[in-house]
Amino acid sequence: MSILRRVAAGVALAALSPAGPASAEWRRAETPRFIVYSDGDARSLAEAAQELELYDSALRFMHGLDVNAAPARKLSIYLVGDTATLREVAPGASEMIRGFYRAGDEDIYAIAIRERRNMRTLLHEYAHHFMLQNFATGYPAWLVEGYAEYFGTAEVDSRQITIGMADANRQAWLGSANWLPLRDILTRHPSEFRTGEQVSQFYGQSWMLTHWFMSSPDRLLQLVVYADYLRGGMDPVEALEAATGMSLSELERAQRAYAGQRLALKRFSATQFPQPSLEMTTLSPGASDLLLMNLRLSGGIAEADRAGVLNLIRTRAGAHPDDPFARTVLARAEAAFGDAAAAEALMQTRLHTHPDDVDALLLLARLRLKAAEEAVDRGLAPAREARAYLVQAYEVDPERYQTLQALDDVRRMSSTYPTDNDIERLLIAHDLAPQVSSIRFAAAQAHVMRGEYAEAIRLLEPLAGDPHSVATAEAARAMIERARSRQDSAHEQEATSSGE
């Protein structure tokens, strides 16, 4: 069932910079669906973790999902005190950025500045995460962002959750700026607008249009029909007019009228949802010093910054020579742009005493895979060694999507790729981490290689309207076009053959 149908049913039922300082002491709070880290006080951390659980429960309830269920993989969230600390992970972050979400080959996480009773950045990004986790399909850019804006303004405390709150900035734009033509909202990507004012207006109007649909069960059902029309290939403007029975001009007038009304809200009592368990621990000094630098490595390091980052990690890890986390982060940095032999030695030493350390196994596998890719003869021996490490890692923890990705990298070196097992492995990785675009691209490519074009298109559709990455959206649309072209050619050949 699509995300819109789930909401409709629920509504009906519910009528660093390298020179930066070392980190402070960090704590970790684990709940059924989240792992939340903070360098602040324990009480605030516990409150944030519990409020995130309540928010997730409200989302599940509104979409008709099991409020007691937990995802296959918990989301890690990092709460920091200020922009300077945030820049340990993203050195280029401006003063305006309160946090961000990253889903990549290395990890999936969100990081944000702590603001008591204000988690809107986190909630917005989690709404995107939730949508891709549960209802990934080819929604247009306005609806992807409008959905996250609608749910991201939720107010959550220990007593209740309120969905549909207004965002003061969005309302200000709608009240003072010239509205964009609705046709542009429906048909254009945020990157296509020329000015910051237009982009802000796009987000504001996307939020308002989504809110308008969400405010009424009947309109929400119309939104479901609209999405179905889009998937059937109908023009976006014609699809909305047909689904609502209103012309574009009538819809524009309705939006302006709704913007001046009191917004419809949905409230839920915290008591109607399960009380989540919570386990709090304090990280070791070594982990506290290197936690954010580990995230920095996950985002990639510009070549000009690598020497400084490597020296900083060496210095911090050197202060904690016996800390396993510090040694792992050091090994990751050495493997990426330092001394690969040193990384190898660090992880082999770790495996000697802890043979089930998945991080060590993964890093050693990647070192072997790199050697195999760089070898003139495609490096069959290091590829086999990489696979052995990965099989061992999978046996220890079968829910690491990174292991499955790396196994696919090994298999791509084989002339028999892709087999049924290869497809199955990629789909398991996709189920564990549907937010990671590289997994979708890899699975889609494997399907295309097998002539399974419809399956490839289905995997790529959620990326085609990605409002955050122009490159990802363009690559997905191009691959979909190629898959459809090949699909059409295959159908024509079948028709010709059957006619003969």
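Assessment of segment 428-435 against the conditions (over 29 Å from LEU75 (Cα atoms) and either acidic (Asp, Glu) or open to solvent by 50 Å² or more (accessible area, probe 1.4 Å) (or both)) yields no matching residue.
Would it be correct to say that PRO321 is surrounded by fewer than 22 Cβ atoms within 10 Å (Cβ to Cβ), within 26 Å of the chain's Cα centre (by Cα), of a type outside the set (A, V, I, L, M, F, W, C) and not in a helix (DSSP H, G or I)? No; evaluated as a whole, the condition is false for this residue.
Of all residues assigned to segment 380-392, none qualifies as being open to solvent by less than 80 Å² (accessible area, probe 1.4 Å) and among the basic types (Lys, Arg). Candidates are the residues of segment 32-53 that are open to solvent by less than 40 Å² (accessible area, probe 1.4 Å), within 19 Å of the chain's Cα centre (by Cα) and not small (Gly, Ala, Ser); the one that is farthest from ALA69 (Cα to Cα) is TYR37. Picking from residues in segment 303-322 that are in contact with a helix residue (DSSP H, G or I) (Cβ under 6 Å, 6 or more places away or on another chain) and not hydrophobic (A, V, I, L, M, F, W, C), the one that is farthest from GLU88 (Cα to Cα) is HIS320.
Would you check if there is a residue in segment 166-183 being crowded, with 22+ Cβ neighbours inside 10 Å and either charged (D, E, K, R) or assigned to a strand (DSSP E or B) (or both)? Looking through segment 166-183, none of the residues is crowded, with 22+ Cβ neighbours inside 10 Å and either charged (D, E, K, R) or assigned to a strand (DSSP E or B) (or both). Filtering segment 49-68 to residues that are in a helix (DSSP H, G or I) and either touching a helix residue (DSSP H, G or I) at 6+ places or on another chain (Cβ under 7 Å) or at pLDDT below 90 (or both) leaves LEU54, TYR55, LEU59, PHE61, MET62.
Residue pairs whose Cβ atoms lie under 9 Å apart, separated by 6 or more positions or on different chains, with the first residue in segment 194-211 and farther than 22 Å from THR244 by Cα and the second basic (Lys, Arg) and open to solvent by 10 Å² or more (accessible area, probe 1.4 Å), are SER200/ARG170. Condition check: under 27 Å from PRO398 (Cα atoms), at pLDDT below 95 and open to solvent by less than 60 Å² (accessible area, probe 1.4 Å). Does TYR78 satisfy that? No, not satisfied.
Applying the set (1) more than 18 Å from the chain's Cα centre (by Cα); (2) open to solvent by 20 Å² or more (accessible area, probe 1.4 Å) to ARG102 leaves exactly one unmet item: (1).
Give the residue that is surrounded by the fewest Cβ atoms within 10 Å (Cβ to Cβ), with candidates limited to residues of segment 56-75 that are of a type in the set (A, V, I, L, M, F, W, C) and within 30 Å of PRO217 (Cα to Cα).
The residue in question is ALA69.
Please verify whether segment 192-215 includes one or more residues that are modelled with pLDDT of 90 or more, outside any helix (DSSP H, G or I) and surrounded by fewer than 19 Cβ atoms within 10 Å (Cβ to Cβ). Looking through segment 192-215, none of the residues is modelled with pLDDT of 90 or more, outside any helix (DSSP H, G or I) and surrounded by fewer than 19 Cβ atoms within 10 Å (Cβ to Cβ). For segment 399-500, the helices (runs of 4 or more DSSP H) that sit wholly inside it and include 1 or more residues that are within 17 Å of the chain's Cα centre (by Cα) and modelled with pLDDT of 90 or more are 401-411, 420-432, 437-449, 453-464. Here PRO276 clears all of (1) closer than 30 Å to ALA58 by Cβ; (2) in contact with an Asp or Glu (Cβ under 7 Å, 6 or more places away or on another chain); (3) open to solvent by 30 Å² or more (accessible area, probe 1.4 Å) except the condition numbered (3). What residue, among those in segment 364-375 that are open to solvent by 10 Å² or more (accessible area, probe 1.4 Å) and of a type outside the set (D, E, K, R), is nearest to THR328 (Cα to Cα)? Per the criteria, the residue is LEU367.
Among the residues of segment 393-427 satisfying the criterion of being of a type in the set (D, E, K, R) and closer than 17 Å to GLN133 by Cβ, which is surrounded by the fewest Cβ atoms within 10 Å (Cβ to Cβ)? Per the stated criteria, the residue is GLU399. Residues considered: ALA287, ALA254. Of these, the only one that is modelled with pLDDT of 95 or more, surrounded by 13 or more Cβ atoms within 10 Å (Cβ to Cβ) and part of a helix (DSSP H, G or I) is ALA287.
Report yes if ALA371 is in a helix (DSSP H, G or I), aliphatic (A, V, I, L, M) and more than 22 Å from LEU292 (Cβ to Cβ), otherwise no. When the stated conditions are applied, ALA371 passes them.
Considering segment 348-363 alone, what residues qualify as being open to solvent by less than 70 Å² (accessible area, probe 1.4 Å), assigned to a helix (DSSP H, G or I) and farther than 21 Å from ARG306 by Cα? If the condition is that a residue be open to solvent by less than 70 Å² (accessible area, probe 1.4 Å), assigned to a helix (DSSP H, G or I) and farther than 21 Å from ARG306 by Cα, then GLN348, ARG350, LEU351, VAL358, ALA360, LEU361, LEU362 are the ones that fit. For segment 442-463, the condition holds for no residue, the condition being that it is more than 18 Å from MET479 (Cα to Cα), out of contact with any Cys (no Cβ under 7 Å at 6 or more places or on another chain) and of a type in the set (A, V, I, L, M, F, W, C). Screening segment 216-243 for residues that are among the hydroxyl-bearing types (Ser, Thr, Tyr) and either at pLDDT 90 or above or under 16 Å from GLN255 (Cβ atoms) (or both) and picking the one that is most open to solvent (accessible area, probe 1.4 Å) gives SER216.
The values are calculated or read from the model by the stated rules, or taken from the named source; none is laboratory data. Note that the structure is predicted; figures quoted are calculated from it, not measured. Methodologically, a virtual Cβ is constructed for each residue, glycine included, from the backbone with ideal geometry; neighbour enumeration extends over all protein chains shown. For accessibility, only protein heavy atoms count, side chains too; no ligands or nucleic acids. Shrake-Rupley method; radii C 1.70, N 1.55, O 1.52, S 1.80 Å.
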